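Peer 1: Next up is a structure, given as structure tokens.
The values are calculated or read from the model by the stated rules, or taken from the named source; none is laboratory data. Since we're looking at a predicted model, the values are computed, not measured. Virtual Cβ from ideal backbone geometry, glycine too; neighbours counted across all protein chains shown. Only protein heavy atoms, including side chains, enter the accessible area calculation; ligands, DNA and RNA are left aside. Shrake-Rupley method; radii C 1.70, N 1.55, O 1.52, S 1.80 Å.
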Amino acid sequence: MIAAPSGEVTLLDAVRIALAEEMERDGRVVLMGEDIGVYGGAFKASAGLLERFGPKRVIDTPVVEEAIVGAAIGASLRGLRPVVEMQFFDFASRAFDMITNFAAKHRYRTGLGVPIVVRGPSGGGVQAGPFHSQSPEGYFARTPGLAVVVPSTAQDARGLLKAAIRDDDPVLFLEHKLLYRRAKGTLPEGDGIVPIGKAAVRREGRDLTIVTWGAMVPLALDGAAELAREGVEAEVIDLRTLLPMDEGTVLESVRKTSKALVLHEESRTLGVGAEAAALLAEKAFEWLDAPVVRVTAPDTPVPFAPALEAAYLPGPATLLAAARKLAAY
């Protein structure tokens, strides 16, 4: 086991550390993707791994996402445990068929799992335009057979990625690019595995529950701190895993607070937040003292212009206005 570095690391560092640790632990783990070898990845998540593990385990691929995932599925069925990088997770749509119709259904069809991880940067906030800023988790989170994971901290990025690599079924692992160098933390000693399917209570409260994930977690925590100064104590739930969703933690929180706000960056209609709201309507109705509120991006492509993107993304003013209204209901 590689000793975890002392001191603070970024979420991007944590991803690289997890990859290195799992490659060191298990010789079956291989990396595949565009520019991940010599270049070290578009965001440098694999920097140094080619030199350390060699070209048979850090494999630069053509720019054909469907072929990359298809090759990874085949390699997994021959005993390897591939980790595929999407240079931007927007382009997982190019491999949608392979992910949803082959990887996700393979255990159901044959009894054999497909132990692959498809990981990469997602989300907006860096003025990358409509093709490099999407939050596509909702496209995949309705597909039986997949796990969909979105870490918000460095500790979770390492621990959840290690759990994903060890999983015997396909896992999609979305890393918000805005958090790559902004989310920092100290890594625990040892494996630091974080179980897939378990949410985290980031802040305890009594007056309302904010359910969120990814880059919206820091926004929710900042909003909760502001609300606390006004006498409103908000509980913040970081789902971490969107599929399977940790219903128990969400329901337990809402039974306590009786009010729920779902906050997410993906567009509003049929987002994962809609599933969370449906869960609460179905299983927490008798505890709710107000309608479930959603604070989301609108149903438009992600704008490129900085001012338009700032207006598109959920921000402090939008969140606080909705939370205050909910608290006063």
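Peer 1: Give me the net charge of residue 244's neighbourhood, meaning all other residues with Cβ under 13 Å from the Cβ of residue 244; Lys, Arg count +1, Asp, Glu -1.
Peer 2: Result for the local shell: -2.
Peer 1: Can I ask one more? If I stretch the segment between residue 142 and residue 67 completely, what's the gain in nm (0.36 nm per residue apart, minus their alpha carbon distance), one decimal? Each step should come with its number before you reach the end.
Peer 2: On the way: separation 75, 0.36 × 75 = 27.00 nm, distance 2.30 nm.
Between residue 142 and residue 67, full extension yields an extra 24.7 nm.
Peer 1: Roughly how tilted is helix 11-25, in degrees to the nearest 10 and between 0 and 90, from the longest Cα axis of the chain?
Peer 2: 40 degrees
Peer 1: Under a crude label model (7 Å from the Cα following the beta-carbon direction), how far is residue 278 from residue 39 in nanometres?
Peer 2: So the label points at residue 278 and residue 39 sit 3.9 nm apart.
Peer 1: Report the one residue of 73, 199, 9 whose Cα lies farthest in the direction of the positive end of the charge dipole of the chain (charges on C-beta: Lys and Arg +1, Asp and Glu -1; origin at the Cα centre).
Peer 2: 73
Peer 1: First check a/c for region 8-186, with a ≥ b ≥ c the square roots of the eigenvalues of its C-alpha gyration tensor; if it is under 1.5, answer rounded, and if not, answer prolate when a/b is larger than b/c or oblate otherwise.
Peer 2: Verdict is rounded for region 8-186.
Peer 1: On to the next question. Convert each backbone phi in region 100-108 into a coupling constant with the Karplus relation 6.51 cos²θ - 1.76 cosθ + 1.60 (shift: θ = phi - 60°), then list the ³J(HN,Hα) values in order as whole Hz, x for Gly and Pro.
Peer 2: 8, 9, 10, 5, 5, 9, 5, 5, 4
Peer 1: Tally Lys and Arg at +1 and Asp and Glu at -1 over the other residues with C-beta under 14 Å from the C-beta of residue 233: what net charge comes out?
Peer 2: My count for the surroundings of residue 233 gives +2.
Peer 1: Of the residues 188, 121, 136, which exhibits the maximal mean-square fluctuation in a Gaussian network model of the chain defined by a 10 Å Cα contact cut-off?
Peer 2: Of the options given, 188 has the highest mean-square fluctuation.
Peer 1: Could you work out how far the C-alpha centroid of region 110-124 sits from that of region 125-197, in angstrom?
Peer 2: Between the Cα centres of region 110-124 and region 125-197 lies a distance of 10 Å.
Peer 1: With a 1.4 Å probe and all protein chains kept in place, how much accessible area does residue 296 have, in Å² rounded to the nearest 10?
Peer 2: The value for residue 296 is about 20 Å².
Peer 1: Loop-only check: which trypsin sites (Lys or Arg not before Pro) in region 261-329 are DSSP coil with at most 16 other Cβ within 10 angstrom?
Peer 2: 268
Peer 1: Rank 178, 270, 160 by mean-square fluctuation in a GNM of the chain with C-alpha springs under 10 angstrom and give only the top-ranked residue.
Peer 2: 270
Peer 1: Quick one: work out the % antiparallel among DSSP beta bridges in region 200-328, nearest 5.
Peer 2: 20 percent
Peer 1: Here is a follow-up. Please state the charge dipole magnitude for region 105-166, taken about the Cα centre, from unit charges on C-beta atoms (+1 on K and R, -1 on D and E), reported in debye and rounded to the nearest 20.
Peer 2: Values: 8 positive and 2 negative charges, 72 e Å.
Magnitude of the dipole: close to 340 debye.
Peer 1: Run the Debye formula on the Cα coordinates of the chain, all scatterers equal and no solvent, and tell me log10 I(q)/I(0) at q = 0.10, 0.15, 0.16 1/Å.
Peer 2: -0.56, -1.22, -1.35
Peer 1: Name the residue, out of 56, 177, 259, whose mean-square fluctuation peaks in a Gaussian network model built on the chain with Cα pairs under 10 Å.
Peer 2: Per the Cα network of the chain with a 10 Å cutoff, 56 tops the list.
Peer 1: With charges set only on the Cβ (+1 for Lys and Arg, -1 for Asp and Glu), what does the dipole of the chain come to about its Cα centre, in debye to the nearest 20?
Peer 2: 300 debye
Peer 1: For region 8-186, give the magnitude of the charge dipole about the Cα centre (Cβ charges: +1 Lys/Arg, -1 Asp/Glu; no others), in debye to the nearest 20.
Peer 2: So the magnitude is around 260 debye.
Peer 1: To the nearest 10 square angstrom, how much accessible area does residue 202 have with a 1.4 angstrom probe?
Peer 2: Rounded to the nearest 10, the figure is 80 Å².
Peer 1: Quick one: net charge of residue 264's neighbours, Cβ under 12 Å, K/R +1, D/E -1? Don't skip to the end; give the middle numbers.
Peer 2: Working: positive: 268, 294; negative: 137, 238, 265, 266, 275.
Net of charged neighbours comes to -3.
Peer 1: Within region 289-329, list the residues whose amide N lies under 17 Å from a label point set 7 Å along Cα→Cβ of residue 225.
Peer 2: Answer for this model: 315-317, 319-320.
Peer 1: What longest range of the chain stays clear of loop-exposed GluC sites (Glu not before Pro) (DSSP non-H/G/I/E/B, at most 13 other C-beta within 10 angstrom)?
Peer 2: Working: sites that count: 189, 204, 230.
The answer is 1-188.
Peer 1: Residue separation times 0.36 nm, minus the C-alpha to C-alpha distance between residue 60 and residue 290: what's the value? Before the final figure, lay out the partial values.
Peer 2: Values: separation 230, 0.36 × 230 = 82.80 nm, distance 5.19 nm.
Gain on stretching residue 60 to residue 290: 77.6 nm.
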